[in-house]
Amino acid sequence: MLTTCTTERQAPAGVAATANANANANANEHAGAHLTAELSDGLGACQATISPKFLYDALGSKLFEAICELPEYYPTRTEAGIFERHGHEIARACGMHTTLIDLGAGNCAKAASLFPLLRPAQYVAVDISTEFVSEALARLRLRFPHIDMRALGLDFSSGLALPADVRAERRLFFYPGSSLGNFTPAEARAFLTRLRKSCGADGALLIGIDLAKDKAILDAAYDDALGVTAAFNLNVLRHVNRLLGSDFDIRHWRHVGFYHEAAGRVEMHLEAREAQHVRWPGGGRDFAAGERIHTENSYKYRQADAIGLLEQSGFEATRVWTDARCPFAVIHAQALA
Ligand code: TRP
C-alpha cells in the first residue's frame, strides 16, 4: 500500500474549515466544529481514516439494515437465533423491570424482540443517528404503549452522559451486534469501564460478541456478492461530503474488506481507484492510486479473551450463550462492586 502523504493545512484543524462550512450552510448538515475537525484530522493523517460513526447517516442506517438481511452477514442472524433459543434463560439472568439502555439501537428491533420476556420498566434507545432512532421509537411506542420509552441521539463512543430522566435503578446496558469489536481491545476496555461506572451498584450488561472463525466466512461477510457492504462503506464519502464540504467522487473509490487473521480483526477500507486530489474548505489532500482510507475494524475475539476483557473492566460474566455452528457469544455480565 502506498503511503504518500501530501496534506494541505491552511489553518489549524477545524478553524477555517468550520468558517467556510458555515458560510456554505445549505450544502452541509451544520456539522459542529468538533466533527469537521475530527474529519479533516482523520483525512489529513498519513494513514487516512474516517471514524466508523460517520457510516450511519440516514441512508447508511438503511444500508446497514440491508446488510443484516444478506446471507453472507451472519452476526445479526446468529445473535437473533441465540436470543430466540435462549430467550427465557437470558430473561431470567437479566431479571424483569430493568432500565434497558440500548446502545446503538438503530431500528430497535433486537431490543423489541426481547420486550415480552424482559418487560423493562424503561427503555432508552441510544443512537448517533438521531432521526432514525426517533422514528423507530415512535413506531415502537404504538406496539408497547405501557413501556416508558425515550430516544437519545448520542455519540456514546465519546461519553455516556445520560440525562436525569433515565432511571438510575437496575440499569441493564444492552450492547448487541458485536459493535464492541469496532473498538481496539484497549478502547473496548476503556469503554466497558465507563459503562461499569454508569451501571451503579445493581447494574448489568447484556452484550453480543462475535468470535473468531474461518477466514472465508469472514471475508464474505464483509464483502458480499451483491455489493451492499461496498455501497454501505462508500456511502460514508457522501456523508463526509455533506458534513465537511469535501468533493470526494465516489466512483473513484472501491470497498476493501478482509479478515486479517494475525491481527484478529476484519479491516474495512476505501481504496482509491486512481490518483486524485480531494478538496474541502480549509484543506485538501492528494491520494495515490491504491491508497486507502481506513473506515473500520471489527475484532473477532476468542471466548476466553472476551470474558477476560469484561473482567478487566469491572464486570463478571455470569452466563454465556453461544451458537455451536457459527461462533458468536451473548454474555450476561454483572457489574462488580
Ligand atoms: N459494526 C459492523 C460490523 O463490524 C458494521 C459493518 C458491517 C461494517 N459491514 C461493514 C462497517 C463494512 C464498515 C464496512 O460487523
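Starting from the range 65-92, keep only residues that are in contact (Cβ under 8 Å) with a residue 24 or more places away in the chain, then list their pairs with residues that are of a type in the set (Ser, Thr, Tyr) and within 16 Å of the ligand (Cβ to nearest atom) whose Cβ atoms are within a distance under 7 Å, requiring at least 6 positions of separation or different chains.
As it stands, the answer is Ile67/Tyr73; Ile67/Thr229; Pro75/Ser178, since those pairs meet every condition given.
May I ask you to list the residues in the range 281-337 that are of a type in the set (Gly, Ala, Ser) and within 16 Å of the ligand (Cβ to nearest atom)?
Ser298, Ala306, Ala329
I need the full set of residues from the range 255-280 which are out of contact with any helix residue (DSSP H, G or I) (no Cβ under 7 Å at 6 or more places or on another chain) and within 16 Å of the ligand (Cβ to nearest atom), in order please.
Val256, His260, Ala263, Gly264, Arg265, Glu267, His269, Glu271
Just wondering, is there one or more residues in the range 78-93 that are within 13 Å of the ligand (Cβ to nearest atom), at pLDDT 95 or above, in contact with a helix residue (DSSP H, G or I) (Cβ under 8 Å, 6 or more places away or on another chain) and of a type outside the set (Asp, Glu)?
Within the range 78-93, not a single residue is within 13 Å of the ligand (Cβ to nearest atom), at pLDDT 95 or above, in contact with a helix residue (DSSP H, G or I) (Cβ under 8 Å, 6 or more places away or on another chain) and of a type outside the set (Asp, Glu).
Condition check ((1) over 30 Å from Pro327 (Cβ atoms); (2) without any contact (Cβ under 8 Å) to a residue 60 or more places away in the chain) across all residues:
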position	(1), (2)
Thr130	yes, yes
Glu135	yes, yes
Gly153	yes, yes
Leu160	no, yes
Val166	yes, no
Arg170	yes, no
Phe173	no, no
Ser178	no, no
Ala186	no, yes
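Within the range 220-249, which residues are in contact with a helix residue (DSSP H, G or I) (Cβ under 8 Å, 6 or more places away or on another chain), away from the ligand (no atom under 11 Å from the Cβ) and either within 21 Å of Pro75 (Cα to Cα) or not charged (D, E, K, R) (or both)?
If the condition is that a residue be in contact with a helix residue (DSSP H, G or I) (Cβ under 8 Å, 6 or more places away or on another chain), away from the ligand (no atom under 11 Å from the Cβ) and either within 21 Å of Pro75 (Cα to Cα) or not charged (D, E, K, R) (or both), then Leu237, His239, Val240, Leu243, Leu244, Gly245, Ser246, Phe248 are the ones that fit.
So which residues in the range 50-100 are aliphatic (A, V, I, L, M), more than 27 Å from Ala204 (Cβ to Cβ) and surrounded by 17 or more Cβ atoms within 10 Å (Cβ to Cβ), if there are any at all?
Ile50, Leu55, Leu63, Ile67, Leu70
Conditions first: (1) part of a strand (DSSP E or B); (2) without any contact (Cβ under 8 Å) to a residue 24 or more places away in the chain. Val266 passes all but one, so which condition is the exception?
So Val266 meets the others, but not (2).
With the checklist (1) more than 23 Å from Thr130 (Cβ to Cβ); (2) surrounded by 17 or more Cβ atoms within 10 Å (Cβ to Cβ); (3) at pLDDT 95 or above in hand, flag the one item Phe191 doesn't pass.
For Phe191, the failing item is (1).
Restricted to the range 269-291, and to residues that are surrounded by fewer than 21 Cβ atoms within 10 Å (Cβ to Cβ) and in contact (Cβ under 8 Å) with a residue 60 or more places away in the chain, which residue is nearest to Tyr222 (Cα to Cα)?
Among them, the one singled out is Gly290.
Kindly evaluate Leu55 against the criterion of being within 12 Å of the ligand (Cβ to nearest atom) and closer than 25 Å to Cys326 by Cβ.
yes
Does the range 109-121 contain at least one residue that is touching a residue at least 40 places away in the same chain (Cβ under 8 Å) and either within 16 Å of the ligand (Cβ to nearest atom) or of a type in the set (D, E, K, R) (or both)?
Checking the range 109-121: at least one residue is touching a residue at least 40 places away in the same chain (Cβ under 8 Å) and either within 16 Å of the ligand (Cβ to nearest atom) or of a type in the set (D, E, K, R) (or both).
Looking at (1) within 23 Å of Ala324 (Cα to Cα); (2) touching a strand residue (DSSP E or B) at 6+ places or on another chain (Cβ under 9 Å); (3) among the aliphatic types (A, V, I, L, M), which is the one condition that is false for Ala48?
Unmet for Ala48, out of (1) within 23 Å of Ala324 (Cα to Cα); (2) touching a strand residue (DSSP E or B) at 6+ places or on another chain (Cβ under 9 Å); (3) among the aliphatic types (A, V, I, L, M): (1).
What are the residues in the range 252-262 that are touching a residue at least 12 places away in the same chain (Cβ under 8 Å) and not acidic (Asp, Glu), if any?
His252, Trp253, Arg254, His255, Val256, Gly257, Phe258, Tyr259, listed by residue number.
The values are calculated or read from the model by the stated rules, or taken from the named source; none is laboratory data. Everything numeric here is computed off the predicted structure, so don't read it as measured data. Note that each Cβ is placed from the backbone with ideal geometry, even for glycine, and that neighbours are counted across all protein chains shown.
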